[in-house]
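As C-alpha cells, the structure follows; a few thoughts come after it.
Read the figures in this text as sums done on the coordinates, not as results from a lab. Nothing here was measured: the structure is a model prediction, and the numbers come from that model. Cβ atoms come from the backbone with ideal geometry, glycine included; neighbour counts cover every protein chain shown.
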Amino acid sequence: MSQFLSLHPKNPQARLINQTVDIIREGGVIVYPTDSCYALGCHLGDKDAIERIRRIRQMAGDHNFTLVCRDLSELATYAKVDNVAFRLMKSLTPGAYTFILKATHEVPRRLQHPKRKTIGLRVPDNVIAQTLLEALGEPLISTSFLLPHQEHPETDPENIYQSVEKLVDVVLDGGPCGIEQTTVIDLLEDVPQVLRYGKGIVDFLGAS
C-alpha cells in the first residue's frame with residue numbers, strides 16, 4: 001500500500017520531501033502536484049518504474065513522456081534546441097507548458113517517441129514540485145495523472161490515493177490542482193506549433 005503525505009503548499013516539509021526522494025531513487029512511482037494537474041513520476045533511468053506508469057495510464061507505445069526539470073540548466077544534456085527555441089522556452093518557464101524537442105543520446109530510447117526520437121520537457125511553477133526536483137538533483141520522468149476511464153485529470157489528492165493506492169508508492173498531497181493539462185508546443189521546426197491547448201497561454205503565437 002502506498003503512502004499519503006500531506007505537504008504544505010508554500011513550505012513543503014523537508015523530511016517528507018527527502019523521504020519521497022529516497023523512494024524515487026529506490027524505484028518508486030509517485031503522484032505529485034504541478035501548476036497544471038497532478039502527475040505521475042519516477043526516476044529517469046528506472047525501466048521497471050516507467051513500465052508501471054505505462055500500465056497505470058494504459059499508454060500507447062508512441063506516447064511522449066516528459067522530463068520535468070527544475071530549470072533549463074539541464075536542457076543541453078537531454079534535448080537539442082536552437083537559440084530561438086531556447087529564448088521562447090526561457091520566456092515561458094517556469095509555467096504550464098510542455099515543449100517537444102529532439103532528444104539527445106542521454107535520453108533512454110524507451111522514453112523517446114519511437115519514430116520522431118523526441119522528448120517532452122517541462123519546468124513547473126509549483127513549489128512542491130520545484131522543492132522535490134531540487135532535492136532529487138535531476139529531472140523526473142513524468143506524465144499527467146489521467147486514468148484510462150477519465151476525461152479530465154483528478155483534482156482531489158484523496159480521490160487519487162483511493163484510486164491508485166495499490167499501484168503507486170507515494171501520493172503527495174499538495175491540495176487541489178486544476179483539471180487542465182499543460183499546453184504542448186512542438187519546437188522541432190522554425191515556427192512553433194501548438195499540439196495541445198491547455199493551461200498555458202499561447203497568445204504570443206497568434207493563437208485564438
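With a Förster radius of 22 Å applied to the C-beta separation of ARG55 and PHE4, the computed FRET efficiency comes to 0.55.
Other residues within the sphere of radius under 10 Å centred on the Cβ of GLY178, judged by their own Cβ, net out at -1 (K and R +1, D and E -1). Within the chain, antiparallel bridges make up roughly 60 percent of the DSSP beta bridges whose residues both belong there.
Helix 127-136 and the longest principal axis of the C-alpha atoms of the chain enclose an angle of approximately 90°. For GLY198, the amide hydrogen comes within under 5 Å of the amide hydrogens of THR183, VAL184, counting only partners 5 or more places away or on other chains and with H modelled in the peptide plane. Annotation: for a label point projected 7 angstrom from Cα along Cα→Cβ of GLU158, residues of segment 1-43 with backbone N closer than 20 Å are 2-10, 31-34, 38-39. A straight line joining the Cα centroids of segment 148-175 and segment 1-72 runs 12 Å.
Placing a label point 7 Å from the Cα of ASP22 along the Cα-to-Cβ line, the residues of segment 166-200 whose backbone N sits under 15 Å from it are 170. Here the extension length gained between GLN150 and LYS117 equals 9.1 nm, from 0.36 nm per residue of separation less the Cα-Cα distance. Evaluated over the chain, the count of Lys pairs having alpha-carbon atoms less than 26 Å apart is 19 (only pairs 8 or more residues apart or interchain).
Measuring nothing but how far apart in sequence close Cα pairs (under 8 Å, 6+ apart) lie, relative to its length, segment 46-129 scores a relative contact order of 38 percent. For the listed peptides 157-166, 92-101, 139-148, 7-16, a ranking on the average number of other beta carbons within 10 Å per residue, highest first, reads 92-101, 139-148, 157-166, 7-16.
Computed from Cα positions, the angle between helix 14-25 and the longest principal axis of the chain comes to roughly 70 degrees. If you take all other residues with their beta carbon under 15 Å from the beta carbon of ASP82, and give Lys and Arg +1 and Asp and Glu -1, the sum is +1.
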